[in-house]
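Scroll down for the structure; my scribbles are underneath it.
The values are calculated or read from the model by the stated rules, or taken from the named source; none is laboratory data. Predicted, not measured: the structure shown is a model, and the values here were computed from it. Glycine also receives a Cβ, built like all others from the backbone with ideal geometry; neighbour counts cover every protein chain displayed. Each accessible area value is taken on the protein alone, full model and side chains, heavy atoms only, with ligands, DNA and RNA left out. Shrake-Rupley method; radii C 1.70, N 1.55, O 1.52, S 1.80 Å.
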Amino acid sequence: MEHLLELRKLVGHRPLLMVGAATLIVDDQNRLLLLHRSDNDCWGPPGGALELGEEVETAARREVREETGLELGGMTLFGVFSGPELFYVYPNGDEVYNVTIVYLARTWSGEIHLNGEHTAWNWFALGEIPGNISPPIQPVIEQFKLL
């Protein structure tokens, strides 16, 4: 993330292309783990930006570990999401066009412990997913609901 901070010093809040990884973690009752973000008061799966030179799957596992404390088992590629619907303006005014590579994971170990990026977590059945999903992840959740 350090490279993004350096870029922001040069470009300010202007749009950047950001590559990220997210993971849809699903339990044995087919419920989706979502985290409540502290910056925009919305829900979303664990995920975040890739570091320079980092492999996407490594980033997905790192973000899950950092944000939840969980260690993932097997993962499968769920999809790659991009386009104007993934444009996002952060609460601080930074603008990004996201390219998000999303994985699906059904096995993990550990217990959930949140870091400062989130205020709560919960498992949601498909019909109970909250409406306030973080905007750049909404297309991912809509696709997930079709499973």
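Show me the ranking of peptides 8-19, 37-48, 52-63 by mean Cβ neighbours inside 10 Å, starting with the highest.
Details: 8-19: 12.0, 37-48: 19.4, 52-63: 15.8.
Going from most to least packed, we get 37-48, 52-63, 8-19.
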(request) May I ask you to compute the full-extension gain from F124 to H13, defined as 0.36 nm times their residue separation minus their alpha-carbon distance, rounded to one decimal in nm? (result) 36.6 nm
(request) Whenever you get a sec, compute what percent of the accessible area on the chain sits on carbon and sulfur atoms (1.4 Å probe). (result) 54
(message) What is the distance in Å between the Cα centroid of segment 1-56 and that of segment 98-134?
(response) 12
(message) Given the options G12, P84, P46, identify the residue whose Cα lies farthest towards the positive end of the charge dipole of segment 1-116 (+1 on Cβ of Lys, Arg; -1 on Cβ of Asp, Glu).
(response) P84
(message) Let me see the P(r) profile for segment 64-140: every Cα-Cα distance counted, bins of 10 Å, each bin given as a percent of all pairs.
(response) 15, 37, 42, 5
(request) Quick one: work out the % antiparallel among DSSP beta bridges in the chain, nearest 5. (result) 70
(message) If each DSSP helix of 4+ residues adds -39,500 (n - 2.57) and the sum is divided by the residues in the chain, what number results at 222 nm, nearest 500 deg cm²/dmol?
(response) -6500 deg cm²/dmol
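How do F81, F87, F144 rank by accessible surface area computed with a 1.4 Å probe, from largest to smallest?
The ordering from most to least exposed comes out as F87, F81, F144.
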(message) How tilted is helix 2-11 with respect to the longest principal axis of the chain? Cα atoms for both, answer in degrees (0 to 90, nearest 10).
(response) 40
(request) Might you tell me the accessible area per residue for segment 1-116, computed with a 1.4 Å probe and given in Å²? (result) 51
(request) Mind pulling the per residue volume of the convex hull built on the Cα atoms of the chain? Å³ is fine. (result) 107
(request) Go through segment 131-138 residue by residue and turn each phi into a ³J(HN,Hα) via Karplus (6.51, -1.76, 1.60, θ = phi - 60°); whole Hz please, and just put x for glycine and proline. (result) x, 8, 7, 3, x, x, 9, 4
(message) Please give the charge dipole size of the chain, origin at the Cα centre, charges +1 on K and R Cβ atoms and -1 on D and E Cβ atoms. Round to the nearest 20 debye.
(response) 220
